[in-house]
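Step one of this worksheet: look at the structure below.
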Amino acid sequence: MEYSDEGRDRRITQLRKGILELAVMGVLYDERHYGYSLVRVLSESGSISLKEGTIYPILARLDRDGLVRSEWVESDQGPPRKYYALTSSGRQLFDALSQELDVLVSLVQQKWKAPEQSARAGKKLVVRKG
């Protein structure tokens with residue numbers, strides 16, 4: 001049975017939701033940004049393509065939970081921009097979540113061996129013909 005592209009895409013979406021929230025918090029840890037500048041910073045490696053529509057729901061959730069604060073700042077290049085910065089609670093949560101992420105990533109990247117493989121590694125298999 002082959003796994004469907006739809007099922008794979010759904011799982012990728014779920015995985016990205018939590019990781020992107022953590023990435024947004026990381027970008028805002030020491031520096032404030034407005035929505036588009038966040039998208040630029042997160043996308044500059046070229047490994048992921050983001051839209052502002054992805055970032056704003058994350059920022060709204062973080063704001064609602066008291067993890068970011070926002071302020072409107074006048075701009076020389078156009079209308080005022082809403083800048084976001086991580087609060088001290090947001091920094092504490094980011095530190096805890098990034099440690100947890102490190103543990104989970106190392107778990108996923110671990111080279112697993114089946115128990116019977118490692119138990120058999122030192123033993124020779126003897127086949128007897130009857």
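The values are calculated or read from the model by the stated rules, or taken from the named source; none is laboratory data. Given the structure is predicted, the values throughout are model-derived calculations rather than measurements. Cβ: placed from backbone, ideal geometry, glycine included. Neighbour counts: every protein chain shown.
Miscellaneous remarks
- Test result for SER88, more than 22 Å from GLN14 (Cα to Cα), at pLDDT 95 or above and more than 18 Å from the chain's Cα centre (by Cα): yes
- Of all residues making up the stretch 1-32, the number that are at pLDDT 90 or above and either within 13 Å of the chain's Cα centre (by Cα) or closer than 16 Å to LEU101 by Cα (or both): 9
- Any hit, the stretch 33-52, residues being at pLDDT below 95, part of a helix (DSSP H, G or I) and exposed (fewer than 10 other Cβ atoms within 10 Å of the Cβ): no
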